[in-house]
1. Taking only region A:302-331 into account, find how many residues are more than 23 Å from A:LEU222 (Cβ to Cβ) and either modelled with pLDDT of 75 or more or open to solvent by 100 Å² or more (accessible area, probe 1.4 Å) (or both).
2. Is region B:97-104 home to any residue that is among the polar types (S, T, N, Q) and out of contact with any Pro (no Cβ under 7 Å at 6 or more places or on another chain)?
3. What pairs come up if the first residue lies in region A:200-211 and is touching a residue at least 60 places away in the same chain (Cβ under 8 Å), the second is assigned to a helix (DSSP H, G or I), and their beta carbons are under 6 Å apart, counting only those six or more places apart or on different chains?
4. Answer yes or no as to whether A:ALA219 is modelled with pLDDT of 80 or more, away from chain B (no Cβ under 13 Å) and assigned to a helix (DSSP H, G or I).
5. Can you tell me which residue among A:VAL171, A:VAL186, A:VAL201 is under 20 Å from A:ASN134 (Cα atoms) and out of contact with any strand residue (DSSP E or B) (no Cβ under 6 Å at 6 or more places or on another chain)?
6. Kindly list the number of the only condition in (1) open to solvent by 10 Å² or more (accessible area, probe 1.4 Å); (2) within 19 Å of the chain's Cα centre (by Cα) that fails for A:TYR215.
7. Mind checking whether some residue in region A:285-293 is open to solvent by 50 Å² or more (accessible area, probe 1.4 Å), aliphatic (A, V, I, L, M), out of contact with any strand residue (DSSP E or B) (no Cβ under 8 Å at 6 or more places or on another chain) and at pLDDT below 85?
8. What are the pairs, 6+ residues apart or on separate chains, where a residue within region B:284-297 that is closer than 16 Å to B:ASN119 by Cα has its Cβ under 6 Å from a residue that is polar (S, T, N, Q)?
Number of protein chains: 2
Amino acid sequence: MAQEKARVLIIGTGGVGTMAAYALEIGGKAEVTAVMRSNYAAVEKNGIDIDSIEHGHDIKGWRPTAIRKTIPNIKQENLQPFDFILVTTKNIPDLLPTMVDVIEPAVTAGKTAIVLSQNGLNIEKPLIERFPTNPVISSISYIGATETSHGKILHDDGDAQKIGPFNNPGVSPEAAEEAARRYIAVYNAAGKLDITFDADVKFVRWRKLVYNASYNSVASVLRMDTARMRMSQHVIDDLIRPIMLEIVAAARANGVQLPDDVPDKVTSDAEKGNFMEIETIVGEPLREGEAKGVPMPTLRTIYGLLKGIQLQVKEKKGLWEAKFTPDNPYQ
Amino acid sequence: MAQEKARVLIIGTGGVGTMAAYALEIGGKAEVTAVMRSNYAAVEKNGIDIDSIEHGHDIKGWRPTAIRKTIPNIKQENLQPFDFILVTTKNIPDLLPTMVDVIEPAVTAGKTAIVLSQNGLNIEKPLIERFPTNPVISSISYIGATETSHGKILHDDGDAQKIGPFNNPGVSPEAAEEAARRYIAVYNAAGKLDITFDADVKFVRWRKLVYNASYNSVASVLRMDTARMRMSQHVIDDLIRPIMLEIVAAARANGVQLPDDVPDKVTSDAEKGNFMEIETIVGEPLREGEAKGVPMPTLRTIYGLLKGIQLQVKEKKGLWEAKFTPDNPYQ
């Protein structure tokens with residue numbers, strides 16, 4: 001008897017989320033519901049066009065099992081529970097509503113496994129607090145995939161992920177690992193991809209941070225692409241490499257032995273996109289390192305700059321007003 | 001017998017240069033030749049309009065004794081020597097031609113005193129090398145004056161300057177001081193202004209750097225104005241104050257005892273404009289401090305960022321090409 005298809009809800013259908021939806025569906029072991037925001041109308045009308053280095057360059061008008069504009073409410077809509085919720089949105093904990101609030105109506109306690117395909121540290125903590133009986137799974141992705149316009153995806157670097165369970169005290173290690181391995185099996189049914197189990201989630205996440213906290217954060221401050229950064233001696237010597245070494249030191253102080261050649265290897269990692277999740281990618285590693293006495297002056301400076309840039313974004317969106325009051329000069 | 005008027009050549013007629021031209025002329029002790037570039041045509045046609053907090057809000061169509069589009073060539077044009085050349089342009093030593101090359105045809109050896117109204121360290125060195133018998137004079141200015149459009153000046157903060165001679169081994173200290181004091185006397189003939197002699201040029205310049213290297217450089221990286229920076233706790237605590245303390249430490253290691261309250265006092269200094277002269281305002285103090293063993297990690301990070309931004313500017317202007325060559329990856 002064929003196993004029932006896994007029900008997967010995907011939040012965030014940019015490049016990474018859409019390529020996950022595609023791989024999960026074509027493997028035949030999952031049916032995907034995708035929540036779309038800005039691209040909903042375009043995809044409802046024309047489906048999704050994909051130019052993929054792994055699945056073919058001329059995929060036209062593809063659709064997952066279901067698309068929606070809103071998060072499903074399992075109870076109110078009387079839906080079957082989801083086996084997995086895959087979250088690929090940016091993780092910006094200082095903006096409301098938080099991701100935890102957003103997904104809550106779609107989570108079935110004790111059943112739904114939540115897969116976080118996001119970089120950075122401590123992203124699992126608010127989820128484990130709110131959903132103490134649900135497996136929470138880490139996916140660190142090295143894919144290159146971009147939504148070039150609504151419903152058009154360019155997938156130009158192979159789908160590689162390292163997946164493993166976060167430690168959730170309310171879920172047995174065996175159940176957490178089983179959920180992670182089932183997700184991998186369902187995903188890998190698409191074939192040809194490089195989706196692997198890695199139990200050492202902390203190591204995998206700190207290692208990826210060596211790249212994110214250096215290249216991504218400096219790219220955001222400079223508004224400069226990675227290729228140009230690598231051509232500038234000052235950017236590499238005064239910024240990228242010092243930050244990498246600070247992250248390696250902070251990781252070691254937190255029990256994660258990144259090898260000495262990580263900075264060199266990481267520089268040749270490929271990654272597209274330069275969004276910036278300040279707290280999880282810069283703030284958290286900075287706090288984890290400094291709490292253990294590691295000097296991280298370069299990353300602290302970058303942190304201050306990114307917070308300043310974020311304040312400008314908030315002002316543009318009407319979330320912060322430049323008003324000086326002598327009693328409370330700081331925001 | 002009335003003393004002959006001082007012949008003053010002014011290079012750079014933005015806000016600071018134009019207000020100097022105006023003060024020097026109305027005092028009656030100088031005749032000014034102003035070299036104009038982008039604003040030449042507008043000023044030749046309509047003169048200069050000035051809205052000044054010190055000289056009157058409704059000055060219309062004013063003109064100095066002479067305006068020119070090119071640097072005078074004393075020998076070729078058979079001109080009387082200049083007593084003073086006032087330089088108010090940005091000081092960007094890594095772009096060609098340098099300021100020294102530009103002014104050379106207007107300098108009469110052993111006669112013309114060169115007044116540098118520019119911030120930063122070691123700006124006098126290339127001048128002293130090229131013009132070993134000419135007094136070189138430091139002016140640190142606290143004026144607020146902006147050219148809002150060609151030939152329109154808003155002067156909204158009082159003209160205050162601390163002036164003194166740089167040490168030029170080929171000029172006696174007495175002659176250097178006399179040149180500085182004569183310039184001050186000619187300038188102060190305009191009355192009401194705050195132009196004073198200060199022999200301790202090193203102290204004055206390092207003190208001003210506490211402001212320039214912090215507020216100006218972070219403003220350039222963030223593209224954020226000073227008012228907003230002062231409202232952002234992260235910008236002040238993680239960037240501005242650490243840089244100020246690094247400059248104070250670097251100054252002390254170089255024999256300049258800035259008082260402890262300088263960072264607080266400097267924060268209330270007023271200054272308009274946020275141009276960035278990376279090498280003189282950030283690079284030189286960084287090298288002077290680190291050479292004495294002072295850790296300056298925040299300013300080093302800012303330096304790397306500013307060099308990255310400068311590379312982008314150079315690329316836009318066609319002065320740098322983003323081309324990766326494996327043998328020589330860095331520019």
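The values are calculated or read from the model by the stated rules, or taken from the named source; none is laboratory data. The shown structure was predicted, so the numbers you read here are calculated from the model rather than taken from an experiment. Methodologically, a virtual Cβ is constructed for each residue, glycine included, from the backbone with ideal geometry; neighbour enumeration extends over all protein chains shown. Just so you know, the surface numbers come from the protein's heavy atoms only, side chains and all, with ligands and any DNA or RNA stripped out. Shrake-Rupley method; radii C 1.70, N 1.55, O 1.52, S 1.80 Å.
1. Going through region A:302-331 one residue at a time, the tally reaches 7.
2. At the first step, the residues of region B:97-104 found to be among the polar types (S, T, N, Q) are B:98.
Now restrict to residues that are out of contact with any Pro (no Cβ under 7 Å at 6 or more places or on another chain): none.
No, that holds for no residue.
3. That search, which allows pairs on different chains as well, returns A:TRP206/A:ALA251; A:LEU209/A:ILE247; A:LEU209/A:PRO285; A:TYR211/A:VAL266.
4. Working: modelled with pLDDT of 80 or more: yes; away from chain B (no Cβ under 13 Å): no; assigned to a helix (DSSP H, G or I): yes.
So A:ALA219 does not fit the description; no.
5. Values: A:VAL186 fails: out of contact with any strand residue (DSSP E or B) (no Cβ under 6 Å at 6 or more places or on another chain); A:VAL201 fails: out of contact with any strand residue (DSSP E or B) (no Cβ under 6 Å at 6 or more places or on another chain).
Being under 20 Å from A:ASN134 (Cα atoms) and out of contact with any strand residue (DSSP E or B) (no Cβ under 6 Å at 6 or more places or on another chain) holds for just one of A:VAL171, A:VAL186, A:VAL201, which is A:VAL171.
6. Against the list (1) open to solvent by 10 Å² or more (accessible area, probe 1.4 Å); (2) within 19 Å of the chain's Cα centre (by Cα), A:TYR215 comes up short only on (1).
7. no
8. Matching pairs, first to second residue: B:GLU284/B:ASN122; B:GLU288/B:ASN254.
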